[in-house]
Amino acid sequence: MKALLSSKPVLWFLFLFNLVVAAVAPFVVDGAQGVATAVGMGVVSLGAGSALLKGRTEGQHAA
């Protein structure tokens, strides 16, 4: 299961989808719930983005 979640297509989907939701959530959902949604989705997006960068830098060192 871990290999599936850490594959590049899944990480790109998590990064982009959660980034878009984090950017739109405060405008669609009112109040604290919109802010909390944006923060939570932003954290997931940053995690996926950092995993993409980590995989990229590890791939360069292995070559």
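Here, each number is a calculation from the coordinates, and none is a lab measurement. All figures in this text were calculated on a predicted structure; none of them were measured in a lab. Don't worry about glycine lacking a Cβ; one is built from the backbone with ideal geometry, like all the others, and counts go over all protein chains shown.
Divide by every residue of the chain the summed helix terms, -39500 (n - 2.57) for each DSSP H run of at least 4, and state the resulting mean residue ellipticity at 222 nm, rounded to the nearest 500 deg cm²/dmol.
-31000 deg cm²/dmol
Using only Cα atoms, find the angle between the long axis of helix 8-28 and the longest principal axis of the chain, and express it within 0 to 90 degrees, rounded to the nearest 10.
That works out to roughly 20 degrees.
Separation between the Val29 and Ser6 pseudo-spin-labels, each 7 Å from Cα along Cα→Cβ, expressed in nm?
A separation of 2.9 nm, rounded to one decimal place.
Calculate, for Leu16 and Ser50, the FRET efficiency according to 1/(1 + (r/R0)^6) with r their C-beta to C-beta distance and R0 22 Å; round to the nearest 0.05.
That pair, Leu16 with Ser50, gives E of 0.95.
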